[in-house]
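Participant: Let me give you the structure first, and then I'll get to my questions.
The values are calculated or read from the model by the stated rules, or taken from the named source; none is laboratory data. Quick caveat: nothing in here was measured; it's all calculated off a predicted structure. For neighbour counting, all protein chains shown are included, and Cβ atoms are generated from backbone atoms with ideal geometry for every residue, glycine included. Accessible surface is based on the protein model in full, side chains and every heavy atom, while ligands, DNA and RNA are left aside. Shrake-Rupley method; radii C 1.70, N 1.55, O 1.52, S 1.80 Å.
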Amino acid sequence: MKTLRDVAIGETAKVKRLHGEGAVKRRIMDMGITKGVEVYVRKVAPLGDPLELTVRGYELSLRKDDAQMVEVE
Amino acid sequence: MADSKITIALAGNPNSGKTTLFNALTGSNQFVGNWPGVTVEKKEGRLKGHKDVMIEDLPGIYSLSPYTTEEVVSRNFLVDENPDGILNIVDGTNLERNLYLTTQLLELGIPVVVAVNMADLIEKNGDKIDLKKLSKELGVEVISISALKGTGIMEAAEAALKAAEAKKNAKPIKFAKDVEGALTDIEGLLGGVPAHLKRWFAVKLFERDDKLPENVAALAPKAEEIITKIENAHDDDSESIITNERYEWIASALKGTYGKKGAGELSVSDKIDKIVTNRWLALPIFFCVMWLVYYVSVTTVGTFVTDWTNDGLFGDGYYLFGNGREEYTEAMNEYYAANVWTDEVTANVQKAADAGITGADEILAAIEDGDYEAFDEAYGFYGAELDEKADGAYSISDTVDTALGEDAELPANEDYGNWVPGVPVLVENLLDAINCNDFLKSLILDGIIAGVGAVLGFVPQMFVLFAFLAFLESCGYMARIAFVMDRIFRKFGLSGKSFIPVLIGTGCGVPGVMASRTIENERDRRMTIMTTTFIPCGAKLPIIALITSALFKGASWVAPSAYFLGIGAIIISGIILKKTKMFAGDPAPFVMELPAYHWPTVGNILRSMWERGWSFIKKAGSIILLSSIVIWAGSTFGWTDGAFGWNPDLELEDSVLGAFGNGIKWIFAPLGFDDIKATIATVMGLVAKEEVVGVFGVLDFEGLTALAGYAFLAFNLLCAPCFAAIGAIKREMNSAKWTWFAIGYQCLLAYVVAFIIFQLGSLVTGAGNIFGGIIAIALVAGIIWLLVRPYKEATTLQTAKA
């Protein structure tokens, strides 16, 4: 299964589905990472985590561990 | 009548311009407080020109999920308090995500008006937005505003008012057919709820929301069958289905409404971000910004103004614009050179320094520099040492005391430049003029004014800091701090934004604790409030200096070790606390928006600075004042020659405070310092940490081993902070339970650490007690277990917190 964590910096991926449950998953969805949306992995923080993404026209930061919950095509 | 008043809830995403809009709509007519029992700020204000209209500023939220305190607080308000209407502000440059909240607000059966902020910016960017079509899609009025310029805002507020008066309830958006069918079925189950809330509760039941009122939650098992059927059909869970439906609806509604040109082009904000969070530059830039904030608010402006407040305004007095200070200092130095630093005094100090008496070299250096202030300080600290050693052969106190005594003719402050006496001096003169009795005079001067001064002394520093924080927050850099520092801090259950409170805490814990307000997650915020005061603040430095010079011969490792102790306490506490019951119920997802950079307005910064500063004065002031009076009473009531009574010149040992110290000193026996003075010093440390030094002169350390001294230091560094900081903790925690928990934890940790240091240290040096050693080792093992025990991040918000 390929997840958002595996997407290289500067690449765009299409979200297939979200795994996990509860607060983190809901929060990720609330922020606009839902089925079918395109996510651009913009950069990684200087210390190697978290990621900076562009989704639905704005910037979002997401920890790599949480990015693993997002399955992409 | 309260019922005739109209309440409009102002809702919107963080960074949508909500605060600016709220300020513009209400002006100075605001009431700032907290939502009951939580650390979330609550603001309401009267709409300008409409006395009977109250605007309730809800916390900035992205959704009405049941997972964060801000969201739950907002939901409860919207559902339980029944506002007459909602004014929903959305960021026009980020419509897609902003409208997500709107789709949820439309379900509440309350009139809604949408205000699209920064619509002018969209046009300027060359993007297009068709508000008419958007209004048709949403089924509510949509108004273009610019919160910053103030255009359209009154129209928006009046539209919301009109909709509220007309009771034009908003209609929910339509989901896919099968989902709609399921929701209708669930609505059929909802017998007892008000008609306008049926849709809301139906959706929440469908999502298996866990923050529902009992009568609705009881229906969950009945709804389960309906939900599962849809879930199987969609091959997804119900929460995801609803979220997807919402975003899909938004995407289709925006088609033809919103045209973005030039995708992929870098905006100014993008260019700034490229540098600011650059892999190599981010950390250096971060440290420069932090240094600047610290340097200005703590080191220069802060200290300057705080010193003026403490020593000038609430001290003897000050020179207006410094006019006359130099002349006075010069005259004092000359007076000292002629009368105090006689040949005999200098010779005695020289001899004492040669003999290696503690502090003699400092006194000598002051004499050689001809600096009377440095001399006063060194003499006050070490003068007694010279009297005691070698049967008073080095004593200089006779000469010094005569030259500076009551009959001496020292240069007077008022003879030079523009001298303004301090508040205590003025009040004392006034009280003398009206023949006030000594008891009342002492209560007013030493109890009340000293307490007020202690509060106000922190205020200037705090205001400078709050201005910085407001700037960093509203320009968008604060979010980047969290982004850059997250990796380090999240391991300790803290947020990247916790860096600022801790950094400021090295100057003063009071603004440090207050700075935690910028942390968005409640768990991280509480954790930061609890741990910030572990770091040695400016007032703890004299304690470190005293112990270092008295017991460790000025060893250079002692001061850094105090900082390591503080940092260690923060790290260990973070890891241990996040696994405790008190914290385990708060999920802390780090899914954070990085808002576009922009210049904040001066008005917003000043307002934010004022609000935070004022709320400290109001909320923390009372506790500081009260405790200041209690300590005053404790130190001036006592036993003079066996008779109890009030006596302003009481020795501390004879006072009520002294008796209290004597009564509880056994507590500190396992830490190595069951000494009455050490106990009183610790209690006095609650007033202000530098008071510890005042109680505990150099001589009192003669009986203490270096190890016990270090245990004393460790305890005083980590235990409950001063009353001012406790007041700040109470203000920020907004809950008696959490305040006590914080104070209790700090004292417990301080005790355990000092215990381990003393007992294990004694074992190593061979003077130990086996029993104590065993307990100490058990405690170390216990801490290690607490650090490594398994832990699972909470996935639901557990406490009801209402």
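Participant: Could you go through the stretch B:637-645 and let me know if any residue there is assigned to a loop (DSSP other than H, G, I, E, B), open to solvent by 40 Å² or more (accessible area, probe 1.4 Å) and on the phi > 0 side of the Ramachandran plot.
Facilitator: The first filter runs over the stretch B:637-645 and keeps only residues assigned to a loop (DSSP other than H, G, I, E, B), leaving B:641-642.
Now drop any that are not open to solvent by 40 Å² or more (accessible area, probe 1.4 Å), which leaves B:641-642.
Narrowing the set further to residues that are on the phi > 0 side of the Ramachandran plot leaves B:641-642.
Taking every residue of the stretch B:637-645 in turn, at least one turns out to be assigned to a loop (DSSP other than H, G, I, E, B), open to solvent by 40 Å² or more (accessible area, probe 1.4 Å) and on the phi > 0 side of the Ramachandran plot.
Participant: Next question, about the same structure. Could you count how many residues in the stretch A:3-44 are more than 16 Å from A:Lys64 (Cα to Cα), in contact with a Phe, Trp or Tyr (Cβ under 8 Å, 6 or more places away or on another chain) and among the charged types (D, E, K, R)?
Facilitator: 2
Yes or no, residue by residue, for (1) within 30 Å of B:Glu187 (Cβ to Cβ); (2) open to solvent by less than 30 Å² (accessible area, probe 1.4 Å); (3) not assigned by TED's automatic domain parsing to the domain that holds B:Leu58:
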site	(1), (2), (3)
B:Asp84	yes, no, no
B:Asn98	yes, yes, no
B:Thr103	yes, yes, no
B:Ile129	no, yes, no
B:Val142	yes, yes, no
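Participant: Let me ask you something else. Given the options B:Glu690, B:Glu653, B:Glu732, name the one that is touching a Pro at 6+ places or on another chain (Cβ under 9 Å) and of a type in the set (D, E, K, R). Steps first, please.
Facilitator: Values: B:Glu653 fails: touching a Pro at 6+ places or on another chain (Cβ under 9 Å); B:Glu732 fails: touching a Pro at 6+ places or on another chain (Cβ under 9 Å).
Matching residue, one of B:Glu690, B:Glu653, B:Glu732: B:Glu690.
Participant: Considering B:Leu787, B:Leu797, B:Leu779, B:Leu760, which residue is surrounded by 12 or more Cβ atoms within 10 Å (Cβ to Cβ), closer than 30 Å to B:Glu70 by Cα and more than 14 Å from chain A (Cβ to nearest Cβ)?
Facilitator: Details: B:Leu797 fails: more than 14 Å from chain A (Cβ to nearest Cβ); B:Leu779 fails: closer than 30 Å to B:Glu70 by Cα; B:Leu760 fails: closer than 30 Å to B:Glu70 by Cα.
Answer to the selection: B:Leu787.
Participant: Looking at B:Ala736, B:Ala728, B:Ala767, B:Ala781, can you tell me which residue is of a type in the set (A, V, I, L, M) and either touching a helix residue (DSSP H, G or I) at 6+ places or on another chain (Cβ under 7 Å) or assigned by TED's automatic domain parsing to the domain that holds B:Arg208 (or both)? Show your work before the answer.
Facilitator: Details: B:Ala736 fails: either touching a helix residue (DSSP H, G or I) at 6+ places or on another chain (Cβ under 7 Å) or assigned by TED's automatic domain parsing to the domain that holds B:Arg208 (or both); B:Ala767 fails: either touching a helix residue (DSSP H, G or I) at 6+ places or on another chain (Cβ under 7 Å) or assigned by TED's automatic domain parsing to the domain that holds B:Arg208 (or both); B:Ala781 fails: either touching a helix residue (DSSP H, G or I) at 6+ places or on another chain (Cβ under 7 Å) or assigned by TED's automatic domain parsing to the domain that holds B:Arg208 (or both).
After applying the criteria, what remains is B:Ala728.
Participant: Criterion first (under 30 Å from B:Lys497 (Cα atoms) and either in the same structural domain as B:Val464 (by TED's automatic domain parsing) or open to solvent by less than 30 Å² (accessible area, probe 1.4 Å) (or both)) does B:Asp236 satisfy it? Steps first, answer last, please.
Facilitator: On the way: under 30 Å from B:Lys497 (Cα atoms): no; either in the same structural domain as B:Val464 (by TED's automatic domain parsing) or open to solvent by less than 30 Å² (accessible area, probe 1.4 Å) (or both): yes.
It is false that B:Asp236 is under 30 Å from B:Lys497 (Cα atoms) and either in the same structural domain as B:Val464 (by TED's automatic domain parsing) or open to solvent by less than 30 Å² (accessible area, probe 1.4 Å) (or both).
Participant: Still on this structure, I have one more. Kindly indicate whether B:Gly181 is within 30 Å of B:Phe22 (Cα to Cα) and either exposed (fewer than 15 other Cβ atoms within 10 Å of the Cβ) or touching a helix residue (DSSP H, G or I) at 6+ places or on another chain (Cβ under 9 Å) (or both).
Facilitator: Details: within 30 Å of B:Phe22 (Cα to Cα): no; either exposed (fewer than 15 other Cβ atoms within 10 Å of the Cβ) or touching a helix residue (DSSP H, G or I) at 6+ places or on another chain (Cβ under 9 Å) (or both): yes.
Here the answer is no, as B:Gly181 does not meet what is asked.
Participant: Something else now. Within the stretch B:270-382, considering only helices (runs of 4 or more DSSP H) that don't extend past its boundaries, which have at least 2 residues that are within 41 Å of the chain's Cα centre (by Cα) and either buried (at least 19 other Cβ atoms within 10 Å of the Cβ) or within 14 Å of chain A (Cβ to nearest Cβ) (or both)? Give the steps one after another, and end with the answer.
Facilitator: Working: elements: B:282-294, B:301-307, B:325-335, B:343-354, B:360-369.
Correct list: B:282-294, B:301-307, B:360-369.
Participant: Say whether the condition of being more than 21 Å from the chain's Cα centre (by Cα), within 14 Å of chain A (Cβ to nearest Cβ) and more than 23 Å from B:Ala688 (Cβ to Cβ) is met by at least one residue in the stretch B:602-617.
Facilitator: Of all residues in the stretch B:602-617, those more than 21 Å from the chain's Cα centre (by Cα) come to B:602-603.
Okay, now just the ones that are also within 14 Å of chain A (Cβ to nearest Cβ), so none.
No, there is no match, as no residue in the stretch B:602-617 is more than 21 Å from the chain's Cα centre (by Cα), within 14 Å of chain A (Cβ to nearest Cβ) and more than 23 Å from B:Ala688 (Cβ to Cβ).
Participant: So for the stretch B:143-152 (the condition being assigned to a helix (DSSP H, G or I) and in contact (Cβ under 8 Å) with a residue 24 or more places away in the chain), does at least one residue qualify? Even if it seems obvious, please write down each step before you answer.
Facilitator: Of all residues in the stretch B:143-152, those assigned to a helix (DSSP H, G or I) come to none.
Within the stretch B:143-152, not a single residue is assigned to a helix (DSSP H, G or I) and in contact (Cβ under 8 Å) with a residue 24 or more places away in the chain.
Participant: Quick one: B:Glu406 ticks every box in (1) at pLDDT below 85; (2) open to solvent by less than 70 Å² (accessible area, probe 1.4 Å); (3) under 30 Å from B:Trp632 (Cβ atoms) bar one, so which box is it?
Facilitator: Condition (2) is where B:Glu406 drops out.
To keep it simple, each residue is scored yes or no on (1) touching a residue at least 40 places away in the same chain (Cβ under 8 Å); (2) over 35 Å from the mean Cα position of the chain (by Cα).
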{"site": "B:Val425", "(1), (2)": "yes, no"}
{"site": "B:Ala433", "(1), (2)": "no, yes"}
{"site": "B:Lys441", "(1), (2)": "no, no"}
{"site": "B:Asp446", "(1), (2)": "yes, no"}
{"site": "B:Gly457", "(1), (2)": "yes, no"}
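Participant: Name the residues in the stretch B:478-509 that are within 14 Å of chain A (Cβ to nearest Cβ), out of contact with any strand residue (DSSP E or B) (no Cβ under 9 Å at 6 or more places or on another chain) and aromatic (Phe, Trp, Tyr), would you?
Facilitator: Of everything in the stretch B:478-509, those that are within 14 Å of chain A (Cβ to nearest Cβ), out of contact with any strand residue (DSSP E or B) (no Cβ under 9 Å at 6 or more places or on another chain) and aromatic (Phe, Trp, Tyr) turn out to be B:Phe489, B:Phe499.
Participant: Follow-up. Mind checking whether some residue in the stretch B:230-245 is outside any helix (DSSP H, G or I) and away from every other protein chain (no Cβ under 14 Å)? Don't jump to the end; show me each part of the working.
Facilitator: Within the stretch B:230-245, the first condition is being outside any helix (DSSP H, G or I), and the residues that meet it are B:235-237.
Filter once more, keeping what is away from every other protein chain (no Cβ under 14 Å): none.
No; the residues of the stretch B:230-245 include none that is outside any helix (DSSP H, G or I) and away from every other protein chain (no Cβ under 14 Å).
Participant: Now a separate question. Can you tell me which residues in the stretch B:1-30 are in contact with an Asp or Glu (Cβ under 6 Å, 6 or more places away or on another chain), over 19 Å from B:Gly603 (Cβ atoms) and assigned to a strand (DSSP E or B)? Quick ask: steps written out before the conclusion?
Facilitator: Within the stretch B:1-30, the subset in contact with an Asp or Glu (Cβ under 6 Å, 6 or more places away or on another chain) is B:5-7, B:9-10, B:16, B:22.
Filter again for over 19 Å from B:Gly603 (Cβ atoms), leaving B:5-7, B:9.
Answer for the stretch B:1-30, where residues must be in contact with an Asp or Glu (Cβ under 6 Å, 6 or more places away or on another chain), over 19 Å from B:Gly603 (Cβ atoms) and assigned to a strand (DSSP E or B): B:Ile6, B:Thr7, B:Ala9.
Participant: Quick one: A:Asp49 ticks every box in (1) open to solvent by less than 30 Å² (accessible area, probe 1.4 Å); (2) free of Cβ contacts under 8 Å to residues at least 12 places away in the same chain bar one, so which box is it?
Facilitator: Condition not satisfied by A:Asp49: (2).
Participant: Go through B:Asp407, B:Asp401 for me and flag whichever is within 28 Å of B:Asp446 (Cα to Cα), outside any helix (DSSP H, G or I) and free of Cβ contacts under 8 Å to residues at least 12 places away in the same chain.
Facilitator: On the way: B:Asp401 fails: outside any helix (DSSP H, G or I).
The match here is B:Asp407.
Participant: Continuing with the same structure: Would you confirm whether any residue within the stretch B:462-474 is under 30 Å from B:Gly324 (Cα atoms) and either within 14 Å of chain A (Cβ to nearest Cβ) or open to solvent by 30 Å² or more (accessible area, probe 1.4 Å) (or both)? Can you show your working first?
Facilitator: Within the stretch B:462-474, the subset under 30 Å from B:Gly324 (Cα atoms) is B:462-464.
Of the ones still in play, those that are also either within 14 Å of chain A (Cβ to nearest Cβ) or open to solvent by 30 Å² or more (accessible area, probe 1.4 Å) (or both) are B:463-464.
Yes, the stretch B:462-474 contains at least one residue that is under 30 Å from B:Gly324 (Cα atoms) and either within 14 Å of chain A (Cβ to nearest Cβ) or open to solvent by 30 Å² or more (accessible area, probe 1.4 Å) (or both).
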